[in-house]
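For reference, the structure discussed in these notes is given below.
The values are calculated or read from the model by the stated rules, or taken from the named source; none is laboratory data. Computed from a predicted structure; not experimentally measured. Here Cβ is always computed from backbone atoms with ideal geometry, including for glycine, and neighbour counts include all displayed protein chains. Surface accessibility is based on the protein's heavy atoms, side chains included, excluding ligands, DNA and RNA. Shrake-Rupley method; radii C 1.70, N 1.55, O 1.52, S 1.80 Å.
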Amino acid sequence: MSSVKSGRFGLSGNALKILAAVSMLADHVGLLFFPTVSLFRIVGRLALPIFAFMIAEGCRYTRNKLRYFLTVFGLAALCQTVYFVYNGDTYMSILVTFSLSILTVYALQAFKRAWTDAESTPWKKAATLALFVLAVAAVYVLNLVLTIDYGFFGCMLPVFAALLHPVSVTEESRRARWDNIPIHLLMLAIGMVPLAISLGGVQYWSFLALIPLALYSGKRGKWRMKYFFYVFYPLHLLALEGTYMLIH
């Protein structure tokens, strides 16, 4: 699923996700066990941009959009239920963030399809534009009401990465000058600016994630590891929390 001519080499999507998972693990280890050591948090800043970029890729290439969303949202609902039952925590995790991202990207895709379809009526174009605007507005309002991980700009990060994705994923579309990884990374970087400004501190280190992302080959990787990444998030948190409780 490469969109660049140099797709024969570089880091696969699986390799980038493993890097992001290790980064996230380091971040949470630092948060729980070494809160005064900033290096852990700095390493942890790589995770969000990488996962956000791969979420945009997933929205683009998935064959079953509903299943893709329900997998992320279902796991988010399960984790939030456990958090609330365990300690009454209503903080919305990164899985909630990405669930909102996916829905907004889908609205963006519907808007693009309507506006590039020669047979699409003006009413359909207006309706899909309104749908996309409402999706963005709804995410903004939810962030005012709830405390969602990384806030509004975090939810929008995969949307920025997907802004210039063409409607079609045919070979012809992949050869279009605007459909290449550097362009999509540029859009991601633009989205990272307001996020870094709003959060400040170590969040500026997140721009380092653009280095491994620039090595993305556009390939998924040899092994099917999709469900590993869905399972890793709750399991690593469970392991860390369990360890923390045992030693404190």
Inset, instruction - Please specify each residue of the range 191-219 satisfying the condition of being assigned to a loop (DSSP other than H, G, I, E, B) and at positive phi. - result: GLY200, GLY218
Inset, instruction - Scan the range 34-48 and report the pairs whose first residue is free of Cβ contacts under 8 Å to residues at least 24 places away in the same chain and whose second residue is part of a loop (DSSP other than H, G, I, E, B) and open to solvent by less than 60 Å² (accessible area, probe 1.4 Å), with Cβ atoms within less than 7 Å and a gap of 6+ or a chain change. - result: none
Legend entry - Odd one out for SER93, checked against (1) farther than 18 Å from LEU238 by Cα; (2) open to solvent by less than 40 Å² (accessible area, probe 1.4 Å): (1)
Inset, instruction - Name the single residue, out of those in the range 211-248 being open to solvent by 100 Å² or more (accessible area, probe 1.4 Å) and among the β-branched types (Val, Ile, Thr), that is farthest from ALA56 (Cα to Cα). - result: ILE247
Legend entry - Residue among LEU164, LEU188 that is assigned to a helix (DSSP H, G or I), modelled with pLDDT of 85 or more and either under 16 Å from the mean Cα position of the chain (by Cα) or of a type outside the set (Val, Ile, Thr) (or both): LEU188
Inset, instruction - Mind listing just one residue for me: the one in the range 123-145 that is open to solvent by 90 Å² or more (accessible area, probe 1.4 Å) and modelled with pLDDT under 95 and, of those, farthest from GLU57 (Cα to Cα)? - result: TRP123
Inset, instruction - Consider SER99 carefully, then state whether it is open to solvent by less than 30 Å² (accessible area, probe 1.4 Å), among the polar types (S, T, N, Q) and modelled with pLDDT under 95. - result: no
Legend entry - Close pairs from the range 19-32: first within 10 Å of VAL43 (Cβ to Cβ), partner open to solvent by 20 Å² or more (accessible area, probe 1.4 Å) and not in a helix (DSSP H, G or I), Cβ under 7 Å, at least 6 apart: SER23/LEU46; GLY30/VAL37
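Does the range 109-122 contain any residue that is crowded, with 20+ Cβ neighbours inside 10 Å and part of a helix (DSSP H, G or I)?
Yes.
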Inset, instruction - List the number of the failed condition for ASP179; all other conditions in (1) open to solvent by 40 Å² or more (accessible area, probe 1.4 Å); (2) among the charged types (D, E, K, R); (3) touching a residue at least 12 places away in the same chain (Cβ under 8 Å) hold. - result: (1)
